[in-house]
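Notes follow the structure.
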Amino acid sequence: MRKLNIAIIGLGNIGSYLFNYLNENKKILTEKNNCLPVVKYVSAKNKGRKRKIKINKDQWLNNYLDATKKNDVDLIIELIGGAEGPAKKLVFNALKNKKHVVTANKALIAKYGDQLSKIAEKNKVNLEFEASVCGGVPIIRSLKEGLIANKISKIYGIFNGTSNYILSSMDKENKSFEEVLSNAKILGYAESNPSSDLNGSDVSSKLKILCSLCFNSYLNENIYVEGINDIDKTDIDNANKLGYKIKLLGFAELINNKIYQRVHPTLIKKNSYVAGIDGVLNAVIIDGKPVGQSIIQGEGAGPAPTTSALISDISSILRGNVKFPFSLSSKERKNLIFQNIKERFFSAYLRFEVADKPGVLSNITNIFSKYKVSIKRLIQNPYKNKKISSIIIITHSSKDHSLKKLLKEISKKNYIKRKPKLIRIDNG
């Protein structure tokens, strides 16, 4: 029986769960893949930390980089995290030393995936990263294999469970952003520092990877990113009254041979599929030919869903297949044109908290007219006791650049009492 010697580097919740899973399911994995997986070595930052796993003395590596030099290591699983530092060193060295690599590290792949794939191809080893995007949702393997026949025009969806939990909880539990975030930390849905989940950078990394796979292009940094930090309960309530839900969505679209990548809070119709995805769930929607529209939904994070994705990658390597990390060889991938969204057209929700006095509304509508943004709907809610009025405007489809410019001009007016809001609307 063939065997594959594995080194797991990083023993947090996911690394420990994977270690146990591989040991407890060795028999079934061997039968399914005709190869025996052996966890030969492990390493982590803190050797003395209490873990719910039984590690033999001869399995522990004091220096994690030793895994890349040992002759009795075939596959290295990187679960350190981060685009720089130890994770970067480990993966680059592993591939250079002709070791297969499986990683759950979206930041590393989004930043260095092109370089890493060239090294993997040159040395005829695998670089697999299913677990880097949407945990237990098998989107990467679907794009590489299941949807290989398709010409994809658009991929979008909910790629971050933490932000989705926060927005859907604010909606359903009638709680503020701060209350829900605090709850998410207690439940383990949010890190103690959740900035990458809230500011959109987590979704941005995942979208870059998916976009590259969909359009056979190199990874590209031209991406519009906006998080959910400024969304409050009033926006959630307003959206409901208008027949929408607010979700943090990532979009990658091929339009007239140009690619647009964007991440931002989005108003979507209440009756749409994505509006019903709540809690920590992720959902990915692919538009392609001949498949039409395909939807994959599931748990986006956590040790169990992530291990499901890691085992999928490990199994591929156990079967002895060497594949290009991004489906095509680095030579065949394309340098496509990635465009900024400023020339794109969107309907938008704008909210202004203003001093309740004559002339304010006419000044705002004049500025809209100046930038050729037409108003579809306008709602004015005065708060008489505070001498403040809330003005909500839904626009017709307008150039993104014009929306931004009018927002900037209005925000400087002395009648503005709070920073104005702009949330794009997706009517698809």
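The values are calculated or read from the model by the stated rules, or taken from the named source; none is laboratory data. Everything numeric in this text was worked out from a predicted model, so none of it was measured. A quick note on method: Cβ atoms are made from the backbone with ideal geometry, for glycine too, and the neighbour counts reach across all protein chains shown.
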State whether one or more residues within the stretch 398-409 are outside the structural domain of residue 157 (by TED's automatic domain parsing), without any contact (Cβ under 8 Å) to a residue 12 or more places away in the chain and either surrounded by fewer than 19 Cβ atoms within 10 Å (Cβ to Cβ) or assigned to a helix (DSSP H, G or I) (or both). yes
For residue 393, state whether it is under 18 Å from residue 244 (Cβ atoms), in contact with a Ser or Thr (Cβ under 8 Å, 6 or more places away or on another chain) and not assigned by TED's automatic domain parsing to the domain that holds residue 263. no
Do we have any residue at all in the stretch 162-170 that's of a type in the set (A, V, I, L, M, F, W, C), within 30 Å of residue 331 (Cα to Cα) and modelled with pLDDT of 90 or more? no
Odd one out for residue 219 among (1) without any contact (Cβ under 8 Å) to a residue 12 or more places away in the chain; (2) among the hydrophobic types (A, V, I, L, M, F, W, C); (3) in contact with an Asp or Glu (Cβ under 6 Å, 6 or more places away or on another chain): (1)
Yes or no: residue 78 among the charged types (D, E, K, R), at pLDDT 95 or above and under 15 Å from residue 310 (Cβ atoms)? yes
Can you run down the residue pairs with Cβ atoms below 8 Å, 6 or more apart or on separate chains, where the first is in the stretch 174-203 and more than 30 Å from residue 111 (Cα to Cα) and the partner is polar (S, T, N, Q) and part of a helix (DSSP H, G or I)? 175/169; 175/183; 180/169; 183/169
Please go through the stretch 119-132 and pick out each residue that is touching a helix residue (DSSP H, G or I) at 6+ places or on another chain (Cβ under 9 Å) and either among the polar types (S, T, N, Q) or in contact (Cβ under 8 Å) with a residue 40 or more places away in the chain (or both). 120, 123, 125, 126, 127, 128, 129, 130, 131, 132
Tally of residues being exposed (fewer than 14 other Cβ atoms within 10 Å of the Cβ) and of a type in the set (Asp, Glu) across the stretch 320-364: 2
For the list (1) in contact (Cβ under 8 Å) with a residue 40 or more places away in the chain; (2) more than 11 Å from residue 9 (Cβ to Cβ), I need the number of the one condition that residue 77 fails. (2)
Find the residue count for the stretch 20-44, including only residues that are without any contact (Cβ under 8 Å) to a residue 40 or more places away in the chain, charged (D, E, K, R) and surrounded by fewer than 18 Cβ atoms within 10 Å (Cβ to Cβ). 4
Here is a list: 374, 327, 390. Which entry is at pLDDT below 90 and among the small types (Gly, Ala, Ser)? 327
Looking only at strands (runs of 3 or more DSSP E) that fall completely inside the stretch 180-298, which ones have 1 or more residues that are aromatic (Phe, Trp, Tyr), modelled with pLDDT of 95 or more and surrounded by 18 or more Cβ atoms within 10 Å (Cβ to Cβ)? 244-255, 258-269
Just checking, does the stretch 6-19 include any residue being under 33 Å from the mean Cα position of the chain (by Cα), within 23 Å of residue 91 (Cα to Cα) and surrounded by fewer than 19 Cβ atoms within 10 Å (Cβ to Cβ)? yes
Restricting attention to the stretch 179-218, the residues that are more than 30 Å from residue 336 (Cα to Cα) and among the basic types (Lys, Arg) number exactly 1
Per the list (1) under 28 Å from residue 334 (Cβ atoms); (2) touching a residue at least 24 places away in the same chain (Cβ under 8 Å); (3) touching a Ser or Thr at 6+ places or on another chain (Cβ under 9 Å), residue check on residue 137 breaks on (3)
